[in-house]
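First the structure, in the form of C-alpha cells, and then the observations on it.
Laboratory data are not the source of any read-out in this text; all were calculated from the coordinates shown. All of these numbers come straight from a predicted model, not from anything done at the bench. In this analysis, Cβ positions are derived from the backbone assuming ideal geometry, glycine residues included, and neighbour counts consider all displayed protein chains.
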C-alpha cells in the first residue's frame, strides 16, 4: 500500500558531476558559483584555453567566406 500524497515535494538527491577541467567529482549545486567546475582555478584554466584558442571547432570555409577574404 502506498503512502498518501502530502503535497510536499520529494527531497532532491544530491547530484555529483565530474569537473570538466581536473576530472574530480564534486557536488553540482547552485551554491557553487563556479559550476560545472569544482573551483575558481579550474574555471580560469578552461577560460584560458578558450582565450588561447586551444579549443577549436573545425569547419570548411563556405563560398561566402572565400568572397569576404581580402587576400584571395
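With the simple model of a label 7 Å out from the Cα in the direction of the Cβ, residue 15 to residue 54 spans 2.6 nm. Shape summary: segment 16-56 maps onto an equivalent ellipsoid whose semi-axes, from the alpha-carbon gyration tensor, are 20, 10, 7 Å in decreasing order.
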